[in-house]
1. When A:L10 is evaluated against the numbered criteria (1) closer than 15 Å to A:L208 by Cα; (2) under 17 Å from the mean Cα position of the chain (by Cα), which criterion, by number, is the only one it fails?
2. Of all the residues that make up the stretch B:340-382, how many are of a type in the set (V, I, T) and over 20 Å from B:S309 (Cα atoms)?
3. Every residue in the stretch A:143-174 that is farther than 26 Å from A:G37 by Cβ, within 14 Å of chain B (Cβ to nearest Cβ) and of a type in the set (A, V, I, L, M), please.
4. When you scan the stretch A:171-181, how many residues do you find that are surrounded by fewer than 18 Cβ atoms within 10 Å (Cβ to Cβ) and either touching a strand residue (DSSP E or B) at 6+ places or on another chain (Cβ under 6 Å) or without any contact (Cβ under 8 Å) to a residue 40 or more places away in the chain (or both)?
5. Has the stretch A:29-40 got any residue that is surrounded by fewer than 21 Cβ atoms within 10 Å (Cβ to Cβ), more than 8 Å from every other protein chain (Cβ to nearest Cβ), of a type in the set (A, V, I, L, M) and in contact with a helix residue (DSSP H, G or I) (Cβ under 6 Å, 6 or more places away or on another chain)?
6. Inside the stretch B:103-150, can you point out the residues that are surrounded by 15 or more Cβ atoms within 10 Å (Cβ to Cβ), without any contact (Cβ under 8 Å) to a residue 24 or more places away in the chain and over 22 Å from B:I54 (Cβ atoms)?
7. Tell me which of these A:D196 doesn't satisfy, since it passes every other one: (1) charged (D, E, K, R); (2) within 16 Å of the chain's Cα centre (by Cα); (3) closer than 23 Å to B:E220 by Cβ.
8. Out of contact with any helix residue (DSSP H, G or I) (no Cβ under 6 Å at 6 or more places or on another chain), modelled with pLDDT of 90 or more and under 18 Å from B:T189 (Cα atoms): which single residue out of B:G253, B:G268 fits that description?
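The values are calculated or read from the model by the stated rules, or taken from the named source; none is laboratory data. What you see is a predicted model, and the numbers here were worked out from it, not measured in a lab. Here Cβ is always computed from backbone atoms with ideal geometry, including for glycine, and neighbour counts include all displayed protein chains.
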Amino acid sequence: MDYAIHVENLTKRFGSFTAVDNISFSIPKGTIFGFLGPNGSGKSTTIRMLCGVLHPTSGSALIMGRDVAKETEAVRQGLGYMSQRFSLYEDLTVEENLDFYAGVYGLSKKVTADRKKELIAMANLTGKEKSLAGTLSGGWKQRLALGCALIHKPKLLILDEPTAGVDPVSRRVFWEIIHELARQGITILVTTHYMDEAESCDTVGFILDGKLINIASPQELIAQEGAKNLEDIFIKYVEKATNQKINSTFNSLNFLKGEDDAL
Amino acid sequence: MKKSRFSFKRFKAIMMKEFIQVKRDPISLKLPFIMPIVMMLLFGYAVNTDVENIPTAVFDQCKTEDSSQFIEKFADSKYFIITENVDNEAQLADLVDSGKVKAGLIIPANYSEQIKNKVNAEIQLVIDGTDPTTARTALSSGLLIMREYSQKYTAEKLIKYGITAEKLPGISLKTNVWYNPDLENTRFTIPGLVGLILQNITIMLTAFALVREKERSTIEQLIVTPIKPSELILGKLIPYIVIGYTGFLFALGICVWFFKVNVAGSLGLLLLLGFLFVFCSLSIGMLISTFAKNQMQAMIVMVFVLLPSILLSGFIFPRDAMPKVIGFIGYFIPLTYFLDIIRGVMLKGIGLKYLWQDSLALLLFTIVILFIATKRFRKSLD
């Protein structure tokens, strides 16, 4: 079968620390893959290896059948990436940001003009073409960043926490766009800490301490683990891995209790 | 990794973006104009070691025509200005202590008698040595005035005995100061300043431009595009070459039209080697950006580069006077060579025949630094 992403025994070590530990998974074309895991579990390191920014210590990653390590540039030409903080040029206008990425991907003037129009409409930025990106609010910035990642018509879109710090309405609008893109055949890899977002993915994978714990559709996972929802599964996995209950140790903060005799 | 060719389209996209960013940043745009004006006015006037009009007090105990004649000689020179007349040594000491005068002239009560009786008269010049520059000027010009006066006096007396100076054997030193006959400090400082300004503008803007991309994490977004390091580096640097060179031309203009320090040699050669130095400074800026994570760090690293280049390059302090080890460090500062070049071309009017070693050194430095900077810069991208 043709996979958009095919990862085999991918490992990345930084000195004695293993950030990504021998993970393997395959994502079919045109699906949404939710990549879940606590902060520092190895999500970003995996993504960086998929983009060819980091070289794996061992194992391989194929994107659209091409080896990332061997055909980095060809892979990148078909890849859209949105980093954690929407890294736009804040001193450039909406239009100039799009023009810049169009130029970087070597698009012609005609193609750029057509796509720009559509992307501005998609991001609901009509009328704001001449505004500096720095003056936009969170949701708009996020959709502009998505526009910049889409301008070269990538087959695979990698989104690193695209909805962090964005209001619920913008979050909803954003996910509607994501599902529409998937329907058009674009494969999407997305990391998120919102479990409601994760539940709308076709497949989710849990990564913990660099190891891929489980990968399946959200419905299968919930049935398998006999849990209420993905959030419970997330917490259960973390508890199992760290061997301790997740509850706050607030009770040990004695200084917050009792009279303030010190004052 | 599959190698592909340099894409002009990608390079142009980067360059246009950088130009827009420069255009929107009022500081980058004004820097090549403000920096030359401010620095040249500061250094052109404040850093002036030509000491004139040293305030001087006179303690004339003789009060005869002879003594006032001598005092007049002092007052006539442009180095001393008689501001006070005192009646005792304590008063003089008080004036020097308070800093109201920097020099004191003490003429003994028997001055007239001494010279009439053909005894060597002794006049005392007291100098405040706190500031060596002023003291040195006072000392040397005081000695010169006295000697001249003494010689004239002797000659006059000799004529009375029928002996003229021509009849006496002697050696005279005929001095001839080249390139800067009036020993004006500005003629030395201002051309050097053109080099310093060019260096500072270019290093600063380049380092900031590259670090800014890291700081705002836009570099991460750029890395995942098919852009090649060569396209990125070249596209990003061209606007700063333009700005750095504009600053150089502007500073040169002030130097020629405002300070009236003309280019004695070939202007073409100066413009060409100035361009080479812009490249050199650009690579230094790039190298700094590979060390620094944010603009604050870049600023700190920059101080470590700029300060030695001011102190050790021969910009203010002559390198001949430095201890060998310190002077040796100066050979690793590209500005040292460019100062030789710009002073050579502007003041001495010499060409490559004498400057080829400096030019070659500058070229080698540029190539080496650019090589290291590009290498380190690529690494920071990977």
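1. Unmet for A:L10, out of (1) closer than 15 Å to A:L208 by Cα; (2) under 17 Å from the mean Cα position of the chain (by Cα): (2).
2. Total satisfying the criteria: 3.
3. Scanning the stretch A:143-174 gives A:L144, A:I151.
4. Going through the stretch A:171-181 one residue at a time, the tally reaches 3.
5. Of all residues in the stretch A:29-40, those surrounded by fewer than 21 Cβ atoms within 10 Å (Cβ to Cβ) come to A:29-31, A:38-40.
Keeping just the survivors that are more than 8 Å from every other protein chain (Cβ to nearest Cβ) gives A:29-31, A:38-40.
Still in the running and of a type in the set (A, V, I, L, M): none.
No, that holds for no residue.
6. Matches in the stretch B:103-150: B:Q114, B:A121.
7. A:D196 satisfies every listed condition except (3).
8. Going through B:G253, B:G268 in turn, just one is out of contact with any helix residue (DSSP H, G or I) (no Cβ under 6 Å at 6 or more places or on another chain), modelled with pLDDT of 90 or more and under 18 Å from B:T189 (Cα atoms): B:G253.
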